[in-house]
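**Q** Before I ask anything, here is the structure I am working with.
We did not get these values from a lab; they are worked out from the coordinates using the rules stated. Note that this is a predicted model, so its numbers are computed, not measured. Cβ sites come from the backbone with ideal geometry, for glycine too, and all protein chains shown count toward neighbours.
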């Protein structure tokens, strides 16, 4: 129990330190190790940093790892890129989950297990299609290419690629 309380205090110390820093500020592994009183690169060190970063996200600040040297407070303009990176990771994870179902030994399943497998597989196909479409839309929005963005709708009206009577929601 005391270890859990100590761990909570340590990640809160790091959160408080980062909240006082400007966007773009760099904290070396050494500095963080001193703040949280943990040996750099230990499992506990990374667990505390991860827990702190989770809390920081909810406070509107994040830190990102700078390979081999420490962490940097993420600039506001970089949040979209970080979100897109997580979206790509989610898509990869979903593909791997779908592969498990695709290669499952269906012939060795009972009738009930096969029905369950089919139900889950069907939903997985739908989810994968939705995620793929969503990822494409988000990427296009991030690059400001999406046809429903107000600036692109106006451009579309001007060059004739969007008819004036078309609704943004259609």
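**Q** Would you mind ranking 63, 100 so that the residue whose beta carbon has the fewest other beta carbons within 10 Å leads the list?
**A** On the way: 63 23, 100 9.
By the 10 Å Cβ count, ascending: 100, 63.
**Q** Run the quick spin-label model on residue 82 and residue 137: label points 7 Å from Cα toward the beta carbon, then report their separation in nm to one decimal.
**A** Each label point is offset 7 Å from its Cα along the Cβ direction, giving 2.4 nm.
**Q** Using 0.36 nm times the number of residues separating residue 66 and residue 130, minus their current alpha carbon distance, what extension gain do you get?
**A** Result: 19.7 nm gained on full extension.
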